[in-house]
Each structure stands twice: as structure tokens, then as C-alpha cells.
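Trainee: Dropping the structure in here first, questions after.
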Amino acid sequence: MNVFEKLAQSARQWPDRIAIIDAGGALDYHSLWGEVEALRAQLDRLGVREGQGIGVRARNGRAFVIGALAALGCGAVIMPIHHQMKPAELADMLARAPLCAILDDGSNPAQPGKTLALENPGGNGLRYTRQDGPPVSLAPKIKEAAFVRFTSGTTGQSKGVVLTHRDVLERTRAANSGLGLTCEDKILWVLPMAYHFYVSIILYLEVGATVIVNNDYLAENILDAAAKHQATFLYVTPMHIRMLTSERSGRTLPPSLQRVMSVSSRLDPQAAQDFQARYQVPVSQGFGIIEVGLPIMNIAEAAEHPEAIGRPVRGFEATIVNEAMKSVPETETGQLALRGPGMFSGYLNPPRLREEVLHDGWFLTGDLAHRDSGGRIVLDGRTSSVIHIAGHKVFPEEIAGVLDQHPAVLRSRVFSRPHPQFGEAICAEIQLRNGSSPDTSEEILTFCRRQLSSHKVPTSLEFVAEISMTTSGKVRHGSRVPQPAQK
């Protein structure tokens, strides 16, 4: 069974249950399936075929879900695209991933190509733009490929992760062995679907749950939506936890909401404790990574051990290793490695199969961690320079690549500092060319805003006389003092 057939199964099993609540109102499973099937038939008439790459660029809501599932129904390989991605970022991504067409909701100018009107009986507002060039297979080396997602940015270390239908269904099954979601659940959704579709949204639809889309993620609006729809599950990032804790109205979450999970980056234990004191609900941490899924969760021990991401879910194994791939003793920090069901099938660019990436079946996550005395896994930091911003992962090399294009900049170094609300803030050191003035700060930031998504734009620039280089002549991006392990 593939992902498209799973939705058909849900529509047969729970036709009258609400699948999605968004700005357009409530949509039950029978109606959702009808809109998906209608769009699938249109795409088939337009020539969408098995293996072709179809981009889906839409805001959170039914349009994104309908577009992605309809294209999957044609056998296409889906590449979600964040609707706020800037033209330069998107152009770079498309140069590395040969898409045949893009489905979008009209929130951005159409990409170059032939844009065709689509029938939208449900009012989802999608349009279809065929890209220039002959139709080609997006991931020809991987049988039954279903999804491609670039790991974070579109340059530097970013790679297109390829998942098959089997990968996705295996990882949703594994994730739900920990989450335990059912058709009675109502999930309050505030994260970008473009980055969390593969496990989260598909899992919710697979079990017949309701997805409550809340695109205004300010604390007061989250509280309003939770109360209005009697949400049972809140899936957020550490940023949202901090925002909700500092909200000043004194309101509480509705009694229906008994489960909160924080993902995307390490949650500060004090933030978790403050949230629980305010709302009387513990925050479970979940460790998610696009290559593997959602393999580690802290469910039963969240209240007593908020510092831990927990233990592997059923079917997964975790180990912590040193540089020689040897397991380290308990409480000693090493790199977290995982293996289990639903791991990615390969990378798109550069092309590599999963077997070429794994180490004796283990995937090295790049995260530093240790096991505490009770066997729980605690994150300590990262082996690479990746920066976590409000649920997004950002490569400093990508930002520096844009900064260095400015005519006043000789070279730049991008790094992060702790931020009380967003977890980390992007900062940059700038070495100007001779004759350039430091008064160009706002001009440089404006230059960045034209080419980078808003979460990638530095919050501060510091002009320095010289930027230190490595012995090989490279800038040391992302350097920061790692936070101490929670022992």
C-alpha cells in the first residue's frame, strides 16, 4: 500500500470525521478524498506520470495536503517547497532538482513556465505551472520514490533526501507506537507543512485524526485555537513553549489538551518546567530528523526528566559513538547514531544510496548526546555548524554565501548566539573591502532580505578588521561554545 491508498482507506473508514480545519472551514475525510481524487484526475490529464518531480508550494492548509496527495496518486515524486522561500533560493533548489511542474496556491508569483488553470471545486485555489524542459524522472535510481526534501538550506551541505512510500509508512507506524494517536485526536498544528509533512501530517491522516491548522502562531492565538476546537495534542518547537510560558493573560489550556510535544531542537529543561508549572501539562521532547523520522521520544518520563529526549520508539535502536564508531560509556558525550524502520532511501544531490551513507546500518545524526544514569538520551549539541531558528535548520555557509555577494563585503563569518525566545539568533561578522563604510549595515541586511527567507537573515552584523581563517584558507562558520551536558 502506498501513501495515496492510505488516504483512500481513511476516507472509507472515517468518511464523516473532520480531517482538516483551516481558514476555509472544516473538511471531512470523504470530502478531502473527493478533492484529492478530482485533482489527481486533472493532473493525469495534464500528463503527470510516475517518477516525475512535482513541487508543492503552498501555505499550511488543505491546498498543500490536496496538492501533495493528488500528485502522489499519479505516481509522482513530491518536493514540498516553503511558500516563503525567496526567488534566489528557489532557483538554486530547482537547478539541483529537475521538477516537471509546480503546484502552488497563488501566494507567490508563478515560476517560469506554462501556467494552467485548474478546476477547484472545493476552492483550494491551486494552479499548475509546467516547467521548461523535457519531463524527466526526479530520482531514477530509487524505486517507488515518493518524496524529496532538501535537508535545510539549498547550498553548502544541504542534500535532497529521498523517501519511498515504504519509508514513509514504516516511519509513521514507528512514530505512532510512541505517540499513540487515534481518530479521536485533534492536533493543533503550527509548524510548516513543507518541513513536517512526511511523518506528522501523513500520520494524522492515516489514523483518522483532525488537523487544526493555526497559521498565526502567537501564544494568544494558539490558546484561542486550542480552546475553540478542544485540541488534544499540541506539536510545537521550543520557541512556542517559551512564547506560551511568557504569555501574560493567565489563561490555561483546555482540559482536552493533555499532550504537548516539542521538536526541531533541544528544549531547555527550565523552559519545560516553567511550561508545566503554568499549564499543568508536561512537555515531551521528540527527536526528529528527515533521514530517519521521529525515532526517539520522551513520553512517560517527561515530567521527571525534561532534559531528556527519551528513548527509541519500537523498532529503533540508538547508540552513542566516538570518532572510531565505538560505543562510549554511560554519561560520556559522543555522536548519536540510529537505525530502524523507515530510514531514507538515498540522497538526490549528490546521488548516493542509503547503503553508501550508513555505517554498518547506523545513520550518524551529527548530534552530540549522552545517556544518563537511567539510560535516557540527552542532547548536548551539534557536531556541525547548523543553526536552529524557530523550528528551521539553517546552514551558516548559505547565509555567508549571500553576504559575500554584496560589493562592500570582502568576507563574512556567520554564527549563532543564544536567544531567549527563538533559541538561537543568527549573527555575522563582516570584513569590509577597503574604502567601504560600516554605515552599510542596513544596506547589507536589506540585500540579505531580498535573497533569503526571513528566518535566515542575520539579526545583527559586527564589522571587524579581519576574519580568522583555517589553515586551509576557509572561514570558520558557526563556531560557538557548546552548552554543557546535563549530567
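Trainee: In whole Hz and in residue order, list the ³J(HN,Hα) couplings for the range 371-378 that follow from phi through the Karplus curve 6.51 cos²θ - 1.76 cosθ + 1.60, θ = phi - 60°; x for Gly and Pro.
Mentor: For the range 371-378, the Karplus curve yields 9, 7, 5, x, x, 6, 8, 10 Hz.
Trainee: Compute the distance in nm between two label points, each set 7 Å from the Cα along the Cα-to-Cβ direction, one at ASP216 and one at GLN270.
Mentor: Placing both labels 7 Å beyond Cα along the Cβ direction yields 3.2 nm.
Trainee: Please rank GLU144, GLU307, fewest neighbouring Cβ atoms within 10 Å first, as an exposure proxy. Don't skip to the answer; put the middle values down first.
Mentor: Values: GLU144 16, GLU307 20.
Arranged by neighbour count, lowest to highest, GLU144, GLU307 become GLU144, GLU307.
Trainee: Could you give the C-alpha radius of gyration of the range 388-457 expressed as a fraction of 2.2 N^0.38 Å, taking N as the number of residues it contains?
Mentor: 1.11
Trainee: Which one of ILE78, ILE20, MET1 is farthest out on the positive end of the charge dipole of the range 1-83, using unit charges on Cβ (Lys, Arg +1; Asp, Glu -1) and the Cα centre as origin?
Mentor: Result: ILE78, furthest along the dipole toward the positive end.
Trainee: When we measure straight from the Cα of LYS456, which aspartates and glutamates land under 18 angstrom away, once same-chain ones fewer than 8 places off are left out?
Mentor: GLU89, ASP92, GLU397, GLU398, ASP404, GLU424, GLU429, GLU442, GLU443
Trainee: In whole angstrom, note down how far apart the Cα centers of the range 358-407 and the range 83-125 are.
Mentor: Using only Cα atoms to place each centre, the spacing works out to 29 Å.
Trainee: Next question, about the same structure. Take ALA227 and THR252, extend 7 Å from each Cα along the Cα→Cβ direction, and tell me the distance between the two endpoints in nm.
Mentor: 1.3
Trainee: Next up: For ARG413, ARG251, which order do you get if you count the other beta carbons within 10 Å of each Cβ and list the fewest first?
Mentor: Least crowded to most crowded, the residues run ARG251, ARG413.
Trainee: Can you give the extra length, in nm with one decimal, that the chain gains between THR331 and SER107 once fully stretched, where that is 0.36 nm per residue apart less the Cα-Cα distance?
Mentor: Full extension from THR331 to SER107 adds 75.8 nm.
Trainee: Provide GLU317, GLU170 in ascending order of the number of other Cβ atoms located within 10 Å of each residue's Cβ, fewest first.
Mentor: Listed from fewest to most nearby Cβ atoms, that is GLU317, GLU170.
Trainee: Have a look at HIS406, SER441, VAL457 and report the one farthest towards the positive end of the charge dipole of the range 387-463, computed about the Cα centre with Cβ charges (Lys/Arg +1, Asp/Glu -1).
Mentor: Of the options given, the answer is VAL457.
Trainee: Can you tell me how much longer the chain between ASP372 and ALA91 gets when fully stretched, taken as 0.36 nm per residue apart minus their C-alpha distance, in nm with one decimal?
Mentor: Working it through step by step, the gained length comes to 96.7 nm.
Trainee: Then there's this: So how much slack lies between ARG433 and THR115, counting 0.36 nm per residue of separation and subtracting their Cα-Cα distance, in nm?
Mentor: Full extension from ARG433 to THR115 adds 110.1 nm.
Trainee: In debye, nearest 20: dipole of the range 387-463 around its Cα centre with unit charges on the Cβ of K, R (+) and D, E (-)?
Mentor: It comes to approximately 160 debye.
Trainee: Right, another one. Thinking of the chain as a set of Cα atoms, what percent of all their pairs are more than 35 Å apart?
Mentor: 33
Trainee: Rounded to the nearest 0.05, what FRET efficiency do CYS183 and GLU317 give with R0 = 30 Å and r taken as the Cβ-Cβ distance? Could you check?
Mentor: Calculated value: 0.50.
Trainee: A further question follows. Per residue of the chain, what 222 nm ellipticity follows from adding -39500 (n - 2.57) for every DSSP H run with n ≥ 4, rounded to the nearest 500?
Mentor: -7500 deg cm²/dmol
Trainee: Got a sec? Charge dipole of the chain, +1 on Cβ for Lys and Arg, -1 for Asp and Glu; which of LEU294, GLY47, GLY334 is way out at the positive end?
Mentor: GLY47
Trainee: For the chain, what is the charge dipole size about the Cα centre, in debye to the nearest 20, if Lys and Arg each add +1 at the Cβ and Asp and Glu each add -1 at the Cβ? If you can, show how the numbers build up before the last one.
Mentor: Values: 50 positive and 50 negative charges, 100 e Å.
Charge dipole, the chain, about its Cα centre: 480 debye, nearest 20.
Trainee: Taking R0 as 30 Å, what's the FRET efficiency between ARG278 and ALA26 from their Cβ-Cβ distance, rounded to 0.05?
Mentor: 0.50
A short reminder: the numbers here are calculations on the coordinates, not readings from a lab. This is a predicted model, so every value here is computed, not measured. A quick note on method: Cβ atoms are made from the backbone with ideal geometry, for glycine too, and the neighbour counts reach across all protein chains shown.
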